[in-house]
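Reading through the structure tokens given below for one structure.
The values are calculated or read from the model by the stated rules, or taken from the named source; none is laboratory data. Only a predicted model underlies this, so the values are computations on that prediction, with no experimental measurement involved. Here the Cβ positions follow ideal geometry from the backbone for every residue, glycine too, while neighbour counts run over all protein chains shown. Side chains are part of the model used for accessible areas, which takes the heavy atoms of the whole protein and leaves out ligands, DNA and RNA. Shrake-Rupley method; radii C 1.70, N 1.55, O 1.52, S 1.80 Å.
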Amino acid sequence: MGLDGGVAELHNGDKTRQSWAISVHAFSDLSHVSPVVFLYLLKECYASGTCKATKKFRALQQQVHQVLYNSPQPGPATFIAHCLNILPIFESFCEGLCHLIISGLRRFLKVGTTPEDLLESKFIAARLFINIVEGSVIQDDGILIKIVEVFDVKLTDVEKVMCNSDVKNNSNLGIAKTFVEQYIVELIESESYMRAVILLEQFSIRQSGESFLLKMLQNKQHRAAEKWATFMGKPMLCILIQEYIDRKLLKYAYEIIKKNNLRQEFPEVYLKCRESSLKKLAEKGCWDIAEARTNSDRQLLEYLVYLAMEAGYFEKVDELCDRYSLEGFANVRETEVGLPHSRYLNLNELVIEDIIWVDEVNGLYGAIYHFEGCKVVGIDCEWKPNYEKGSKPNKVSIMQIASEKMVFIFDLIKLFEDVPDILDKCLSRILHSPRILKLGYNFQCDVKQLAHSYGELECFKHYEMLLDIQNVFKEPRGGLSGLATKILGAGLNKTRRNSNWEQRPLSRNQLEYAALDAAVLIHIFRHVRGQSQPAGASEGHAKIEWKSYIVSHMDNPKKSKKEIERKKESDAGTDEISQSN
């Protein structure tokens, strides 16, 4: 294995540079190559090339790792140790090449080398450590830490170099320890706490105590403090946790409690942090995740029930009580009226006569016939949330379209499986119509999700006459629920937002939630159309020019004659809507 292939890639096809010595030196046999020659050729490769530094480093790291299999003498680890000894002569390239060959060796040592090679390399690395600390070799502290770690240098190794003897002597070991401790003190004084902690742990020095821990916390070096406390053991960890509690840094305390199995030592803090985590999930509507995070702990489950009660999510209350046989919540419905969050809009207030589920052809035709007689409709979509990072979002499950009195909920998953062509044609008659004003809230995002879910359908590839209510009001907070509160005096209960929208049948509460999201858009639009000023505006405020927010999106940017005619129809339709009540 050699460096030549990697170098060719680094030059990105530059034929003039490929003639350099490094590109023809294969390193197929390192048995007669000295460290200085190896480093010189590596430096030439490191200094040249046109690709980005990160890509170049990774390619060279891989090559260094590979050539260590090609018999460097007297052994791979010792060879690299010698390289590190002479690297300072390369001046500005020293630090970069150090990181490069150390990382290459670290990967190689995962496979292993001979005991003799490791022993010899440790001695060289320990001597280099002493020289760097004493200042006879100029090297960065970060490189020094890496050298100690990768060669696993211990106090006994430092002692052997200082005494130039294999005979162990307690007084000599004391000299080595004092030498290392003095250097660590310098690191602490320069506030290089993590480096100091790494060396204390590497050399098994436990003399520093609580004062050192407090100093790290005062300087907000939380990672270093935790690493040090973990090395020192349970008593120091408990001190660290208590410090976090006193400083009201419960998140840090909880992570250490969880990581080190100290729940019994700090039961109240552990429970409080778990409850706080559940509350955040509940506020986001992630009830299924919150339930899973309880790990069937009864105390946490009961807390989750109270959160559901507070949110007015009573079907979740019933569900949790039934699933886990929780008692004491039998009269929960009686408390609903008195809850502070129980004032939400309902379908009766919006005078919605019926919610119709559409999952077959006849229902689909009936819904489209109904909407073709409407001038304004409200549209929204729902899909099952996906909580795994990096995973693809789930398909849009349902689309709800509301008229003044009715809401139709389309089972897109089933309709797409059974009658995709008919579904496409029917929805196109609504979404592509220039005579029907479509109301949405951040609906352009929904359209993208629809197109991603059902890319084969033409109906979701463009739309006409869409009025995004969000753009009209530009509400920064509260979303649709906040806007409904501002305009209509009551918000929407969003607790079911992240429920499982792929389950069939949907619960009555899910259907009502979905219907409300579409129907409320029409009632908010009535306010837009009927009021010359937005709610709360001062006198002289400009009128809400909602027509200017109507948008259309076409796949083809060039307008055909047919599209120009559609635009005329659209303008005529908005005038008609403005005049009607």
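What to note about this one:
- Sorting the segments 438-450, 76-88 by their residues' average number of neighbouring beta-carbon atoms within 10 angstrom, most packed first, yields 76-88, 438-450.
- Here is the list for the range 387-490: GluC sites (Glu not before Pro) lying in DSSP coil, each with at most 11 other C-beta atoms within 10 angstrom of its C-beta, are E388, E456.
- Gyration tensor analysis over the Cα atoms of the range 24-153 returns equivalent ellipsoid semi-axes of 21, 18, 13 Å (largest first, whole Å).
- Solvent-accessible area, 1.4 Å probe, carbon plus sulfur percent, for the range 268-324: 43 percent
- Given charges at beta-carbon only (K, R positive; D, E negative), |dipole| of the range 268-324 in Debye: 280 debye
- Under the simplified labelling scheme, the K279-K414 pair shows an inter-label distance of 4.1 nm, with each label point 7 Å from Cα along Cα→Cβ.
- Counting protein heavy atoms only, the range 49-111 has 53 percent of its accessible area on carbon and sulfur, 1.4 angstrom probe.
- For the range 379-387, backbone phi angles converted through the Karplus equation (6.51, -1.76, 1.60; θ = phi - 60°) give residue-by-residue couplings of 10, 8, 9, 9, 8, 5, x, 10, 9 Hz, Gly and Pro being listed as x.
- Computed label-point distance, nm, for sites E353 and D421 using a 7 Å Cα→Cβ extension: 3.5 nm
- In terms of the mean number of neighbouring beta-carbon atoms within 10 Å, the peptides 64-75, 28-39 order highest first as 64-75, 28-39.
- Charge dipole (debye, nearest 20) of the range 58-128; +1 at Cβ of Lys and Arg, -1 at Cβ of Asp and Glu: 260 debye
- Nonlocal amide H pairs with V376, under 5 Å, H built at 1.01 Å: L437
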